[in-house]
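Here is the structure we will look at, set down as C-alpha cells.
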Amino acid sequence: MPVSRIVFTILFLASIAFFFRNVYRLFALLCLGKWENRFDHLSTRLKNMLVYAFGQVRVVRKVFGVNHFFIFWGFMIMLAMNFQFLVQGMFPSFSFAFMGEPIYGPLLLLTDVMSLVVLVAIALAVARRLFFRPPYIDLTADAMVILSLIAALMVAYFGYHAGEIALEKELYRAWLPLSAVLAKGFAGMGEAQIDFWTELFWWIHGLVLLAFLNYLPFSKHLHVLTAIPNCFFRSFEMPTTVPMLDFKLGEDFGVSKITQFTWKDLLDFYSCTECGRCQEACPAHNTQKPLNPKELIHTGKYNLFANAASLRQGLSYDTLAPATADAQAPVALIDEDTQTSVSRETLWACTTCGACMAQCPVFIEHVPKITEMRRHLVMEKSDFPEELLAFFENSEQRFNPWGIAPTDREKWAQDLDIKKLKDGDKVEYLYFVGCSGSFDSRSQYIAKALAKILDQAGVSWGILGTEEKCCGDSLRRLGNEYVFAKLVHDNIDTFKKYGVKKIITHCPHCFSTLKNDYKQFGCDLEVIHHSEFIQHLVEEGKVKLNKKQNGPIVFHDSCYLGRYNDVYQPPRQVIQEATGQTPEEMPRNHANSFCCGAGGGRMWMEETIGGRIYLDRTREALKTGAETIAVACPYCMTMFEDGVKEEGQEQKVKVKDIAELTAAAME
C-alpha cells in the first residue's frame, strides 16, 4: 500500500472518530433537557422536514436566501461524490461507476455544474459581507473561515478533476464539461508536473473536507447537523402557549438553569443559522432595547457549553440520563448581560409578538423560552419591574389590571338593553368583553359598537357582567402563572355554570388565550374574534351596510390575531364591506407586521430604554397618508392613539376599530 494511502487512511479514521466523539457529546448534552413529546404525527413531521429543511421554503422568502438554497443543494448533490472521494482515498478501485453510465454520468455532470454554482454563491456571500452587509448580518471570522473552506473545496475539486482529464485518467470526461475546460490550463506542462498539481489538489480537497467535517461542531455551522432535525421536531402551529406548572411544594417554577429547558429547547440553541432574520424583525431590537433574539439563542448555547464539564460529571453515558445534572450547572443562565447569561433587561424587553419565530427558517421557538425565564424571576425571585407590582395585585385582588372595583365591570352596558346571564339563562354566544372593553373608556366604544352589530343581526348573545374576570393573558406572558391559573379556573367554572360553548371577543389577547391557553385546563370552546364574526354576519346578509366612506384607511395587523392565529383577511374584508374601499397596507403587514409594543405585558410597563415601539409603528402608518388607522385590537387602539397624539396628528388622523367602522356604516 502506498505511503500516501496509509497516511490518508490514518487521517480519515482519526477524523471520523473525532467527529463522532464530538457529535456524541453534543447529543449527550441534548439529553439533559427535560422530556417533551415531539414524536407525534410522524408523517406530518416528515412532510414539514422535506418542505422547510430540504425545500428551504422559509429561507428563500428573502431574495438572498436563494443563494443559500444553491449552497445547500450543491452540498446535497455532491454528497455522493464526496463519499466516493473519501473511500477512494483508502480503496482506489472503489467507484460508483458500477451503477452504469446512464446513472453515474448525470451524477458527475450535476456535481461538476453544482461545484461552479456553489463557488459563485460563496463569492456572492463573501462580497455581501464585505461590501453590502445588512445590519442584521455579523461579519465574523467564523463565517469567513467556513466560506473559505467551502471555496477551497470547490477549487480543489476542479483542480484534481481537470488534472485527471489532462492525464487522460478520467474515463467519463464527457460528463465533466467544466473540468474539461479547466484542463486546458495544464497545456504545455509535462506529465510529471501535471501529476504533481493533480496530487496537490487531491490532498487539498481531502484535508479541507476532513477539516470542515470536524470544524462543524465548534462553529456557527453546527446548524448543518441540527437544522434538519429541528425542522422535523417543529411545533405544528405558532407556539402560543407555554407548559402548565404543577404547584407543588419543592417544585421549581420557570427556568433559571440550562437543564431546566426541554431537549427541544436545547436543540434550538444548537440550530441557529445566524441569518439575523429574527433580529431584523424584533421590535425591541429595532428600538435599541437590549433584546436581540439571535443573541438570546446564542447565549443559551454558550451557557450549555460553559456548563458542559460540570454537567458531564453527573451524566450516565450508558443511559444518557442526567443523574444530578440539574444541580451541576454553576454558570448562571439569568444574570448580568454576558456571553453566557441573559440579562433581566433583555427578558423584560420582549413584547412576545412572535415576529422572531415567524421569520426563523429553522423554527426556533424564542418566546416560550423568554416566558419560562420570566416565570423564574416572578414566581421564585419576586424580581420584576416595579410597575408590575400594582398590575399583579390588581389582577389577583380585583380581577382586572386597573384595580377598578369588579362591580363596575358591567357599567359600560348600563344604558343598553344587553342580556346579563343569570342562572338558567341560555344564549348561543357569550360576548367576553374583556378588561379593556369593560373598564377602558376608549375601548368601551368598541364594545358598544359590537353590541349594536350583534343586536341588528339577531344573534342570541349575552355577557357575564360582574362574573367575568380577566382572561389572564398578560399575567401568563409576564410569568405570573399562579394568578393566571386562578383566573382560568374561575372563568372556566363560570362558563360551565352557564353552559357556554361559543365565545365572541373583540380583543385578540382574550381571543388567543381563551382559544389556545385554556385548552391546557380542559376547556375546549369555540372562540371567535369579532372580525371573523362580523365578516360571517355580513356574508349571510344579517348586517346591512351603507358603505360609509372614511377617506384613505390603513390597517394594522395585531400580532396575536395575525401571527398567532392566522387571522388576516377577515378584518380587511370587514373594512372593505363597511367603507367600500380596500384598506392601504403598511410596508410591514400580514405575517411581517410590526408590533404596536403592548403585547407580552408591555401594555402595563414603561418604555425607558431606547425608542418607543408604538411611535415607530405610528409613523409607518402616517407615512401612508391615511386619514384613518383601522385596528382590530384594543391594545393596538391605545398605542396608536398615543402615537398619533405625540405626532400632533390627532385632528387629522383617527384610530378606529373595525367594529366602529361597521357600526357607522349601519346608520
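Laid out as a table, the results:
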item: Single residue of segment 424-448 satisfying the filter (crowded, with 22+ Cβ neighbours inside 10 Å and of a type in the set (A, V, I, L, M)) that is nearest to LYS501 (Cα to Cα); result: LEU430
item: Tally of residues being closer than 16 Å to GLN84 by Cα, part of a helix (DSSP H, G or I) and open to solvent by 30 Å² or more (accessible area, probe 1.4 Å) across segment 146-181; result: 1
item: In segment 363-390, the residues that are outside any helix (DSSP H, G or I), at negative phi and open to solvent by 10 Å² or more (accessible area, probe 1.4 Å); result: GLU365, LYS381, ASP383, PHE384, PRO385, GLU386, GLU387
item: Residue in segment 190-213 that is under 19 Å from the mean Cα position of the chain (by Cα) and either at pLDDT 90 or above or within 22 Å of GLU365 (Cα to Cα) (or both) present; result: no
item: Residue in segment 338-355 that is touching a strand residue (DSSP E or B) at 6+ places or on another chain (Cβ under 7 Å), farther than 11 Å from LEU478 by Cβ and not charged (D, E, K, R) present; result: yes
item: Of the criteria (1) under 18 Å from ALA358 (Cα atoms); (2) open to solvent by 10 Å² or more (accessible area, probe 1.4 Å); (3) in contact (Cβ under 8 Å) with a residue 60 or more places away in the chain; (4) part of a loop (DSSP other than H, G, I, E, B), which one ALA591 fails; result: (4)
item: Cβ-Cβ under 9 Å pairs, at least 6 apart or on other chains, segment 236-256 side at negative phi and without any contact (Cβ under 8 Å) to a residue 40 or more places away in the chain, far side open to solvent by 80 Å² or more (accessible area, probe 1.4 Å) and assigned to a loop (DSSP other than H, G, I, E, B); result: GLU237/ASP566
item: The one condition in (1) surrounded by 19 or more Cβ atoms within 10 Å (Cβ to Cβ); (2) under 12 Å from TRP175 (Cβ atoms) that ALA121 fails to fulfil; result: (2)
item: Of all residues making up segment 214-240, the number that are under 20 Å from HIS366 (Cα atoms), at pLDDT 90 or above and either in contact with a His (Cβ under 9 Å, 6 or more places away or on another chain) or part of a loop (DSSP other than H, G, I, E, B) (or both); result: 4
item: Out of SER93, SER43, sole residue that is surrounded by fewer than 16 Cβ atoms within 10 Å (Cβ to Cβ) and over 28 Å from PHE12 (Cβ atoms); result: SER43
item: Members of segment 628-652 found to be within 20 Å of GLY597 (Cα to Cα) and either over 33 Å from the mean Cα position of the chain (by Cα) or part of a loop (DSSP other than H, G, I, E, B) (or both), listed by number; result: ALA632, CYS633, GLU647, GLY648, GLN649, GLU650
item: Scan of segment 597-613 for residues that are in a loop (DSSP other than H, G, I, E, B) and open to solvent by 10 Å² or more (accessible area, probe 1.4 Å), ordered by number; result: MET605, GLU606, GLU607, THR608, ILE609, GLY610, GLY611, ARG612
item: Cβ-Cβ under 6 Å pairs, at least 6 apart or on other chains, segment 422-439 side of a type in the set (Val, Ile, Thr), far side in a strand (DSSP E or B); result: VAL427/TRP461; VAL427/GLY462; VAL433/ILE463
item: Matching entry among ALA80, ALA121 (being assigned to a helix (DSSP H, G or I), in contact (Cβ under 8 Å) with a residue 40 or more places away in the chain and under 25 Å from PRO217 (Cβ atoms)); result: ALA121
item: Residue match in segment 430-441 (condition: in a loop (DSSP other than H, G, I, E, B) and touching a strand residue (DSSP E or B) at 6+ places or on another chain (Cβ under 9 Å)); result: yes
item: Selection count, segment 271-283, where residues are surrounded by fewer than 23 Cβ atoms within 10 Å (Cβ to Cβ) and either touching a Gly at 6+ places or on another chain (Cβ under 7 Å) or hydroxyl-bearing (Ser, Thr, Tyr) (or both); result: 1
item: THR618 assigned to a helix (DSSP H, G or I), over 30 Å from ILE370 (Cα atoms) and either touching a helix residue (DSSP H, G or I) at 6+ places or on another chain (Cβ under 7 Å) or open to solvent by less than 10 Å² (accessible area, probe 1.4 Å) (or both); result: no
item: Those residues of segment 408-429 which are assigned to a loop (DSSP other than H, G, I, E, B) and either in contact with a strand residue (DSSP E or B) (Cβ under 7 Å, 6 or more places away or on another chain) or modelled with pLDDT of 95 or more (or both), in sequence order; result: ARG409, GLU410, ILE418, LYS419, LEU421, ASP425, VAL427, GLU428
item: Candidate set from segment 449-468 (those that are open to solvent by 40 Å² or more (accessible area, probe 1.4 Å) and touching a residue at least 60 places away in the same chain (Cβ under 8 Å)); member that is farthest from LYS542 (Cα to Cα); result: THR466
item: Condition check for VAL574: in contact with a helix residue (DSSP H, G or I) (Cβ under 6 Å, 6 or more places away or on another chain), of a type in the set (A, V, I, L, M), modelled with pLDDT of 95 or more and buried (at least 17 other Cβ atoms within 10 Å of the Cβ); result: yes
item: Count - residues of segment 105-140 that are within 16 Å of ALA80 (Cα to Cα) and of a type in the set (S, T, N, Q); result: 2
item: Qualifying residue in segment 497-518 (condition: over 25 Å from the mean Cα position of the chain (by Cα) and assigned to a helix (DSSP H, G or I)); result: yes
item: Criterion violated by ASP524 - all others in (1) surrounded by fewer than 17 Cβ atoms within 10 Å (Cβ to Cβ); (2) closer than 30 Å to LYS62 by Cβ satisfied; result: (2)
item: Qualifying residue in segment 531-549 (condition: free of Cβ contacts under 8 Å to residues at least 24 places away in the same chain and part of a helix (DSSP H, G or I)); result: yes
item: All positions within segment 287-299 that are assigned to a helix (DSSP H, G or I) and either basic (Lys, Arg) or touching an Asp or Glu at 6+ places or on another chain (Cβ under 7 Å) (or both); result: LYS294, ILE297
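The values are calculated or read from the model by the stated rules, or taken from the named source; none is laboratory data. Everything quoted here is computed from the prediction, not taken from an experiment. Ideal geometry is used to build each Cβ from the backbone, glycine not excepted, and the neighbour counts take in all protein chains shown. The protein model used for the area step is the full one, side chains on, heavy atoms only, and it has no ligands, DNA or RNA in it. Shrake-Rupley method; radii C 1.70, N 1.55, O 1.52, S 1.80 Å.
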